[in-house]
1. For segment 548-699, place one equal point scatterer on every Cα, skip the solvent, and apply the Debye formula. What is log10 of I(q)/I(0) at q = 0.10, 0.13, 0.17, 0.18 Å⁻¹?
2. Using a cut-off of 19 Å between alpha-carbon atoms, which lysines can reach K348, once sequence neighbours fewer than 8 places away in the same chain are excluded?
3. Set the bar at 30 Å for Cα to Cα. Now go through K169/K669; K669/K699; K169/K262 and name every pair that lies beyond it.
4. Run the accessible area of segment 289-350 with a 1.4 Å probe and give the carbon-and-sulfur part as a rounded percent.
5. Nothing charged except the Cβ atoms of Lys and Arg (+1) and of Asp and Glu (-1): what's the magnitude of the dipole of segment 575-672 about its Cα centre? Round to the nearest 20 debye.
6. Would you indicate which of (i) 26.5; (ii) 37.1; (iii) 27.5 is the value of Kirkwood radius over Cα pairs in Å derived from the coordinates of this structure?
7. Give, to the nearest whole percent, the P(r) tail of segment 356-400 beyond 11 angstrom, counting all Cα pairs.
8. What does the convex hull of the alpha-carbon atoms of segment 192-283 project to on average, in nm²?
Amino acid sequence: MKTRKAALSLPLVVLTLLLAPSCGGGGGGGGDAVLGPVNAVAPSAEITHPPDRSATEEGRIAVTGTADPGTGTIASVRVNGAVATTTDDYATWSASVFVKFGVNTIEVAVEDGDGTVHTSPASIQIAQTTPFLVRPSGVALDPALGRALIVDSMRGELLAMDLSTGERKILSGRDVGAGPLMDFPNDVVLDAANNRVLVTDAGLNVLFEISLLDGDRRIVGATGSATGVSYVPGEDRVLLTHAFEGLFSLELSTGKLIPISKDDPAQGATTLLNARNVARDPDGKTAYVTVNSKVVKVDLTNGDRRILSDASNGSGPTLVFAFDVQFNSKYGLVVADQSRGLVTVDPKTGDRVVVTGGGVGSGDPLRSLVDVDIEDGSDTAYIMDSFGDVLVSVDMTSGARVALGRISLGSGDALDSVNALELDGQGRVLAADSRFTTGGRLVAVDPRSGDRELVSGPGRGTGTDFAGVRDVAAHPVTGQILVVDSSDRLFGVDPVSGDRNVILDDTATDGERIDRVLWHPSGAAAILLTGFGDELRIADLVAGTTTVLSPTTATPVSFFGVEDIALDPERNRVLATRSSRVLAVDLATGNRSVVTDANDSVGSGVPFGDAASLTVDSERAIAYVHDPDAGILFSVDLGTGARELVSESSAGGGLALDGFSSPGMTLTKDGTGVLFFHSETASILSIGVESGERMVIAK
């Protein structure tokens, strides 16, 4: 079979990674000898992780695999020329491999004891991408260099995006530039004359000065709870909006914070509580502040203020949640409204016109606008869509939207708010997606390609619609699907047609919320976690009734506030995460025991404090648990309770695991990776259980 070369499509502004299937998929036996004699049975090697056609933003990745010596011995294994290490004579091995921007083919060569090198006919392809945006929060245009400067609050970094190619690079952050690290940067302005940007940090409550020459960082001064910043070139001050107190200026030379218009009735009845951002009028005497559904006009000479535009002032569609505002000599005030879209506001009358969003303008739907910038007099604005993790250009005359630098893996509608992942009998990953534009849907993701296909939801399947999708379970033999929705109903879903039928609702659980669902090992019943994690119940799928298996009050181990459950069929029990413990519930008796405890009263090893999602490799007697507070994935030996670190945000490659709770995890079919929904980038990761490498397989 011929190996087709992967195609990396890089249009002017949208980056889409299209990876052609690799020959052999990632495993393979020995091929033709390159030099030396050939053994009777040549050695072979397989790559176990990362998956074929996955992506990373790292410049170096860990590749793990296995090897078989055939009838001889193995002297060495090389991956793209890098020497692999082993502790068991290459039964398993690992290598650190450089990758470059674009598509990289990863190949394995095995040298036998006679010095003959055997190349594997199989290979995998890995895309090395421009850095992912995780939670972009502020943007400042740098027109002279044709780029946008972006702060990402979750990454704690300043990035530059080329406006013609969409390619991004890190300008300042953990590994770039000296000085104090940013914690939660939330807005940015450019001072081009001094080759610097000024960044507000909502985590440290300070203003940073960052050099655009080397990324070095310096704290200018304390800001309090600053939500936005505005700067006029040549001045020695910035204007700051404060979430709780109003409008301030901060002197750049001294770091002194000076109140301009505090949330005080003496300066006007209009409140500045929850002020989001500020723009200045060219007259130098007036500022415009976005406050929830209003634009407030502030006199900079005395701090007096009045409402310029809201439901009672000005005409046109009302603002809903105005986040950012910029002054433009051609269009007046340009406002990014999280719910309405991009809106212009007349600075004299307060009249409003929707430029794009809410059915106005073409392009992908907008999610959550948090910032806008526009060069004065320009007809193109740039808006930051935080949850869409993209920068969007907007034609001010037509409202047409173009996403810049979007990274896509796989075809089909993008995932949105996934609450659970489940591997079905066909090897697909089922994603329970409470999509923001619909009531909820069930999506199948091909882990080999990242392609996404609707299984059930609006447009597919008959029956009662989902009201959000909370959890999903797939029967390993029949493929029948169970789904829990946000209205506390348990559905049966046909995996072929997508038809839905309600099996039971919360009347069967004594009014208790239904949190999670598993198939019972018998295949004739379901296991339900109910009451916000306080009970386990067995559901009769024919009668539509439930019985309590393990109540909150049972002893000796308490059961409440459970976050996730997973089946351990080899031991006929359910495992459950609860804060600092992993518990087990016997399916025959309902009795509970502690599998591992953060206090090391049961089990020992890597410390943890918030056991959230989990998945179980029952045959190997291992559970994998995510702790979002520590930003780690760790394994638990189900026999001893011993814990080992698998992956952590501060080490290894890939997107960080801290700051959010993954709503669901599942194992790859061969057990070499944990599939993990990364909610900040709406992507599915495969985390190597041996390497800890975090690779994106669908986005």
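1. Debye output, listed in q order: -0.32, -0.54, -0.91, -1.01.
2. Excluding near neighbours in sequence, the set is K285, K294, K297, K330.
3. K169/K669; K169/K262
4. Taking all protein chains in place, segment 289-350 shows 44 percent carbon and sulfur surface.
5. In total the dipole reaches around 220 debye.
6. (iii)
7. Result for the distance tail: 63 percent.
8. The number I arrive at for segment 192-283 is 6.3 nm².
The values are calculated or read from the model by the stated rules, or taken from the named source; none is laboratory data. What you see is a predicted model, and the numbers here were worked out from it, not measured in a lab. Note that we place each Cβ from the backbone using ideal geometry, even for glycine, and neighbour counts take in every protein chain shown. The protein model used for the area step is the full one, side chains on, heavy atoms only, and it has no ligands, DNA or RNA in it. Shrake-Rupley method; radii C 1.70, N 1.55, O 1.52, S 1.80 Å.
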